[in-house]
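*Asks:* Quick one: structure below, then a few questions.
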Amino acid sequence: MSEKYLVINGGSSSLKFSLYEMPGEKLLINGYFEKIGFEDSFWTLKINSEKVRYEGYLANHSDAVNKMIEGLKEHKIIDSLDEICGVGHRVLHGGEIYSDSVEITDKVLDDIISLTKLGPLHHPGEIAGIKAMKEVLPNVKQVAVFDTAFHQTMPKENYMYAVPYEWYQKYKVRKYGFHGTSHKYITEYMKDRLNKEDVNLIICHVGSGASISCIKNGKCYNTTMGLTPLDGLIMGTRSGNIDASLIKFIMDETGMSVDEITNELNKNSGLKGICGKNDFRDLLALKNSGNELGILAYNMFRDSIIKYIAEYCFQLEGRVDAIVFTAGVLENNAVLREDIVNKISPVLGININKDVNDNIGYGHELDEGVINTDDSSIQILVVPTNEEVMILRDLCEIVKA
Ligand code: ADP
């Protein structure tokens with residue numbers, strides 16, 4: 001008999017869900033509730049690539065969950081709630097407590113609540129999503145899949161900051177890394193593809209949020225995001241790594257508070273900070289029009305990716321099985337992929353296979369492929385990520401255990 005599993009991603013004022021049928025990982029329906037808690041809340045359900053839009057006031061995440069159940073019944077995806085065998089929740093921060101996905105017991109929920117200080121923007125919405133699901137499905141296993149968990153294998157020399165050691169001991173200040181579910185999905189995919197467990201990879205996840213992971217012997221060895229997702233690469237609206245003294249300097253110059261500056265660094269920096277455009281397609285259009293700041297933002301963005309590829313090549317002592325490009329920007333944009341490969345080519349001896357590269361991404365024939373030429377020293381691949389499916393797999397494993 002087929003079984004159905006729900007994957008939930010709760011945001012501060014949003015909730016995304018996908019319902020899958022197993023075996024086969026078949027997506028039956030997904031949906032997105034937006035502006036929860038606002039007068040003009042709305043939601044969309046997508047079934048067989050057809051979208052239906054609804055409007056109505058959603059006071060909280062419980063209202064969204066109830067509308068989701070109504071939608072599942074209205075569209076005859078389920079007849080009864082008994083058909084749902086498990087619920088998997090994306091949770092941002094597992095701190096040092098969780099290095100794998102777990103069933104959400106009362107203790108786990110308390111831990112997630114206590115970790116809110118490390119994920120203040122994400123955890124309240126995620127906790128609301130968990131509580132709302134527990135209300136409607138009290139007897140169904142709920143599982144937390146942490147964005148940080150995959151990175152818990154990093155060695156201490158890679159996760160410590162060179163700040164007073166006490167800050168780590170007392171406050172757990174360290175690098176955690178994020179996008180772990182995506183980096184894990186790609187690592188598992190590459191292990192299968194290369195038929196090798198102890199793979200060495202450099203995984204470049206570049207969407208509006210962006211991070212690169214260094215995978216050594218099949219495990220995460222280093223990653224670019226830090227205590228929070230602000231660190232590392234330049235992103236759509238995040239600055240990436242900066243000199244920490246900048247914060248006090250701007251405070252003194254402008255009178256802004258630390259909270260205000262942190263908000264600027266997260267929401268109004270990165271590509272948007274430099275040229276006003278955070279969507280990569282808009283940035284490309286600006287750059288192609290010859291706009292000076294568009295060109296500058298593009299070059300900075302490209303070079304921040306190259307910088308970490310270089311660092312991780314050295315950390316892997318040159319033994320790299322593959323460099324993988326994934327997420328919205330690198331899955332879809334051949335120009336940036338080609339520019340990155342051409343820049344690392346003289347040192348790494350990799351050449352782009354332009355025919356294949358130009359044919360991968362939105363509006364093209366392929367959605368994945370090997371984009372280096374046969375004479376290259378390292379394989380470069382484009383692989384679409386799938387965080388929902390990774391959550392689904394962990395969920396099923398725990399439900400069946
Ligand atoms: P996130 O999950 O962090 O929101 P995504 O992985 O969905 O991000 O990536 C979003 C980014 O991908 C946006 O900057 C968008 O411009 C870019 N993107 C999406 N489609 C394309 C495309 N066809 N060409 C270039 N960039 C694209």
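*Asks:* Using a 7 Å offset from the Cα along the Cα-to-Cβ direction at both E157 and I69, what is the distance between the two label points in nm, to one decimal?
*Replies:* Computed distance between label sites E157 and I69 equals 5.4 nm.
*Asks:* Stretch N30-S99 to full length: gain in nm at 0.36 nm per residue minus the Cα-Cα span?
*Replies:* Extra length from N30 to S99 when fully extended: 22.1 nm.
*Asks:* Leaving out ligands, DNA and RNA, what percent of the accessible area of the range 153-193 is carbon and sulfur, probe 1.4 Å?
*Replies:* Carbon-and-sulfur percentage of accessible area, whole number: 52.
*Asks:* Continuing with the same structure: Along the charge dipole of the chain, which of L271, M235, G119 sits closest to the positive end, that is, farthest toward it, with unit charges on the beta carbon of Lys, Arg, Asp and Glu (+1, +1, -1, -1)?
*Replies:* Final value for the positive-end residue is G119.
*Asks:* Let me ask another. How big, in percent, is the set of alpha carbon pairs in the range 192-323 lying more than 25 Å apart?
*Replies:* Percent of Cα pairs beyond 25 Å in the range 192-323: 37.
*Asks:* Further question on the same structure: Could you order the peptides 28-35, 374-381, 47-54, 142-149 from most to least packed, using the average number of other C-beta atoms within 10 Å per residue?
*Replies:* 142-149, 28-35, 374-381, 47-54
*Asks:* Between I380, V370, I391, whose Cα lies farthest towards the positive end of the dipole of the range 361-401 when Lys and Arg beta carbons carry +1 and Asp and Glu beta carbons carry -1, centred on the Cα centre?
*Replies:* I391
*Asks:* For the range 1-104, what Kirkwood radius comes out of the mean inverse Cα-Cα distance, in Å?
*Replies:* Result for the range 1-104, one decimal place: 14.6 Å.
*Asks:* Can you give the accessible area of E157 in Å² (nearest 10), computed on protein heavy atoms with a 1.4 Å probe?
*Replies:* We get 140 Å² for E157.
*Asks:* Note down the nm distance, to one decimal, between modelled labels 7 Å out along Cα→Cβ at E50 and at D110.
*Replies:* The two pseudo-label positions are separated by 4.9 nm.
*Asks:* Using only Cα atoms, figure out Rg for the range 154-228 and give it as a multiple of 2.2 N^0.38 Å.
*Replies:* Against the empirical 2.2 N^0.38 Å value, I get 1.22 for the range 154-228.
*Asks:* Would you mind pulling out the separation of the Cα centroids of the range 134-198 and the range 336-376, in Å?
*Replies:* Value for the Cα centre distance between the two parts: 29 Å.
*Asks:* How far is the Cα center of the range 262-293 from the Cα center of the range 40-81, in Å?
*Replies:* Cα centroid to Cα centroid, the span is 34 Å.
*Asks:* Using 7 Å Cα-to-Cβ label points, what is the R319/N217 separation (nm, one decimal)?
*Replies:* That separation, rounded to one decimal, is 0.9 nm.
*Asks:* Find, to one decimal place in angstroms, the Kirkwood hydrodynamic radius of the range 262-401, where the mean of 1/r is taken over every pair of different Cα atoms and then inverted.
*Replies:* Roughly 16.8 Å, rounded to one decimal.
*Asks:* What do you get for the angle between helix 292-315 and the principal long axis of the chain? Use alpha-carbon atoms, 0 to 90 degrees, nearest ten.
*Replies:* Long axis of 292-315 versus the principal axis of the chain: about 90 degrees.
*Asks:* About the Cα centre of the chain, what is the dipole size in debye to 20, counting +1 per Lys and Arg Cβ and -1 per Asp and Glu Cβ, all else neutral?
*Replies:* 400 debye
*Asks:* Same structure, new question: Using only the alpha-carbon atoms, how far is helix 258-267 inclined from the longest principal axis of the chain? Give it as 0 to 90 degrees, nearest 10.
*Replies:* That works out to roughly 80 degrees.
*Asks:* Where only protein heavy atoms count, and the probe is 1.4 Å, what is the accessible area per residue for the range 39-153 in Å²?
*Replies:* Dividing the accessible area of the range 39-153 by its residue count gives 47 Å².
*Asks:* Expressed as a fraction of 2.2 N^0.38 Å, the rule-of-thumb size for a compact globular protein of N residues, what is the C-alpha radius of gyration of the range 89-175?
*Replies:* Relative to the 2.2 N^0.38 Å estimate, the range 89-175 comes out at 1.19.
*Asks:* Here's a follow-up. For the chain, what is the per residue volume of the convex hull drawn over the alpha-carbon atoms, in cubic angstrom?
*Replies:* Value for the chain: 167 Å³ per residue.
*Asks:* Counting only helical runs of four or more DSSP H residues, what would the 222 nm mean residue ellipticity of the chain come to if each run contributes -39,500 (n - 2.57) and the total is spread over all its residues?
*Replies:* Calculated at 222 nm, the ellipticity per residue is -12000 deg cm²/dmol.
*Asks:* Another one. Which FRET efficiency value, to the nearest 0.05, is calculated for D303 and D82 with the Förster distance at 56 angstrom and r the Cβ-Cβ distance?
*Replies:* Calculated transfer efficiency: 0.55.
*Asks:* Could I ask something else about it? Taking only Cα atoms, what is the 0 to 90° angle, nearest 10, from helix 123-136's long axis to the longest principal axis of the chain?
*Replies:* Between the helix axis and the principal axis of the chain, the angle is about 30 degrees.
*Asks:* May I ask for the Rg/Rh ratio of the range 347-401, computed from Cα atoms with Rh as the Kirkwood radius, given to two decimals?
*Replies:* 1.22
The values are calculated or read from the model by the stated rules, or taken from the named source; none is laboratory data. As the structure is a computational prediction, the values presented were derived from the model and not from experiment. Cβ atoms come from the backbone with ideal geometry, glycine included; neighbour counts cover every protein chain shown. When the accessible area is computed, the model is the full protein with side chains, heavy atoms only, and any ligands, DNA or RNA have been set aside. Shrake-Rupley method; radii C 1.70, N 1.55, O 1.52, S 1.80 Å.
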